[in-house]
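I have placed the structure first, in the form of structure tokens, so that the comments after it can refer back to it.
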Amino acid sequence: MKLLTHNMMKSHCKGVINGFPLKLTHSQIETKEIEFNPDFINRIISRLEWSALVEVANQLGVGEGLPEMLPESQQIDDEDTLKAIHHALLEVDVIEGELECPETGRKFIINKVFLI
Amino acid sequence: MKKRQLESLLQDVEPFSRPKMDLEQYPTDPHLAASVLFTIQSSFGDIEDRNVLDLGAGCGILSIGCVLMGAGSVTSVEIDNDAISDLVDNISGYDMDDISIVQADVTHLPFRSGRLFDTVIMNPPFGTKNNEGIDIEFIEAAL
């Protein structure tokens, strides 16, 4: 599971009011090399819940270079920063782990795929 | 990439190993997949650099096709364990790391609200197997 995917997922348990973000535990990660596409990164950052990304990236130790907050314009010009975002979003793969609904505590397993 | 090249590359996508009638699992054929994806990209520019969601991904031919056509990221949603296993095998056959697989029911998608994806693609079940209206549910989920 990439962190980009994690940033989009919320719990779909019944009755949950705010099931985002899912808490990640017992995770094992792998890093892959993915082609850097600055246009895609700039397009996607305005759709992210930025603080959730920073939090989980730091938790996994892959948050280096990520700004604490996005600028007003939600566009980034600095290539190193874009590469750091690219790395965190797409190159880190959680190959095993558990995601927990923040309200019900229900767990979802990650094993190559995110499972419901 | 030319349409014929895409079609030829998609010939290697393996079909369902254990197709289930009640889920209307049939593979989208490479010619159709290539035509659809090529049109989406050439007429609308909606694949390259885009964040794509494939609902009911099955064996993954549309997802794989999108990666081949330069999608920024592809997320594939599929409910069935066996299909997911085929999907994982197909993706590794193409040596791709750009596809994220989510096992979920399309009518209960686990995504937060908002415009997260640029493009949603699907070849959904039609509702011929005691699941009338499922095609509409897929479309509603996409919207």
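Could you work out how far the C-alpha centroid of region A:14-30 sits from that of region A:31-77, in angstrom? Centre-to-centre (Cα) distance: 18 Å.
Give me the compactness ratio for chain B, meaning the Cα radius of gyration over 2.2 N^0.38 Å.
Rg over 2.2 N^0.38 Å, computed on Cα atoms: 0.97.
Note that region B:3-47 presents 64 Å² accessible area per residue, ligands and nucleic acids not counted, probe 1.4 Å. Shown is the FRET efficiency for B:LYS20 and A:ASN42, computed with R0 = 35 Å from the Cβ-Cβ distance and rounded to the nearest 0.05: 0.25. Fully extending the segment from A:ASP80 to A:GLU35 would add 14.7 nm, taking 0.36 nm per residue of separation and subtracting the current Cα-Cα distance. Once the partner protein chains are put back, region B:20-60 shows a loss of at least 20 square angstrom of accessible area, versus the chain by itself, at B:ASP49, B:ARG50, B:ASN51 (probe 1.4 Å, ligands and nucleic acids excluded).
Tell me which lysines have Cα within less than 30 Å of A:LYS32's Cα, excluding those fewer than 8 residues away on the same chain? Answer for A:LYS32, where 30 Å is the Cα cut-off: A:LYS2, A:LYS10, A:LYS23, A:LYS83, A:LYS107, A:LYS112, B:LYS2, B:LYS3, listed by chain and number. For chain B, with all protein chains in place and a probe radius of 1.4 Å, 50% of the accessible heavy-atom surface sits on carbon or sulfur. With each label modelled as a point 7 angstrom along the Cα→C-beta vector, the B:LEU32-B:ARG4 pair spans 2.3 nm. Straight-line cross-link partners of B:LYS20 among the lysines, defined as a Cα under 18 Å from its Cα and at least 8 positions apart when in the same chain: B:LYS129. Computed from label points 7 Å out along Cα-Cβ, the spacing between A:GLU64 and A:THR25 is 2.9 nm. Derived scalar couplings between HN and Hα for region B:62-79 equal 5, 4, 4, x, 5, 5, 4, 8, x, 4, x, 7, 10, 10, 10, 9, 8, 8 Hz in order, rounded to whole Hz, by the Karplus curve 6.51 cos²θ - 1.76 cosθ + 1.60 (θ = phi - 60°), x for Gly and Pro. Comparing B:PHE126, B:PHE117, B:PHE44 in a Gaussian network model of chain B where C-alpha atoms under 10 Å apart are linked, the largest mean-square fluctuation is found at B:PHE44. Charge tally for B:GLY114 (other residues, Cβ to Cβ under 12 Å; Lys, Arg +1; Asp, Glu -1): +3. When the alpha carbon gyration tensor of the protein assembly as shown is reduced to an equivalent ellipsoid, the three semi-axes, largest first, read 28, 23, 17 Å.
Given DSSP loops and a limit of at most 12 other Cβ atoms within 10 Å, what is the longest stretch of chain A that contains no such trypsin sites (Lys or Arg not before Pro)?
It runs A:33-116.
Entry comment: accessible area of region A:28-116 is 54 Å² per residue, from protein heavy atoms only and a probe of 1.4 Å.
The convex hull drawn around the Cα atoms of region B:1-72, when projected onto a plane and averaged over every direction, covers 4.6 nm².
The residues of region B:103-118 occluded by other protein chains by 50 Å² or more of accessible area, set against the chain on its own, are B:GLN103, B:PRO110, B:ARG112; surface from heavy atoms, 1.4 Å probe.
Legend: residues in region A:80-113 shielded by at least 40 square angstrom of accessible surface upon adding the remaining protein chains to the isolated chain (1.4 Å probe, heavy atoms) are A:VAL113.
Considering amide H positions built from the backbone, and no H for Pro or chain starts, which residues 5 or more places from A:ILE29, or on another chain, come under 5 Å of its amide H? Result for A:ILE29 returns A:ILE95.
Nearest 100 Å², what total accessible surface is buried between chain A and chain B (probe 1.4 Å)? Approximately 2200 Å² gets buried when A meets B. Whenever you get a sec, compute what percent of the accessible area on chain A sits on carbon and sulfur atoms (1.4 Å probe). Reported share for carbon and sulfur atoms: 44 percent.
All other residues whose Cβ lies under 10 angstrom from that of B:PRO30 are scored, Lys and Arg at +1 and Asp and Glu at -1, for a net of -3. Here is the list for region A:1-107: GluC sites (Glu not before Pro) lying in DSSP coil, each with at most 14 other C-beta atoms within 10 angstrom of its C-beta, are A:GLU33, A:GLU35, A:GLU64, A:GLU68, A:GLU72, A:GLU103. The B:VAL88 and A:GLU72 beta-carbon pair, evaluated with R₀ = 51 Å, returns a calculated FRET efficiency of approximately 0.80.
The values are calculated or read from the model by the stated rules, or taken from the named source; none is laboratory data. Quick caveat: nothing in here was measured; it's all calculated off a predicted structure. Don't worry about glycine lacking a Cβ; one is built from the backbone with ideal geometry, like all the others, and counts go over all protein chains shown. These area figures cover heavy atoms from the full protein model, side chains too; ligands, DNA and RNA do not enter into them. Shrake-Rupley method; radii C 1.70, N 1.55, O 1.52, S 1.80 Å.
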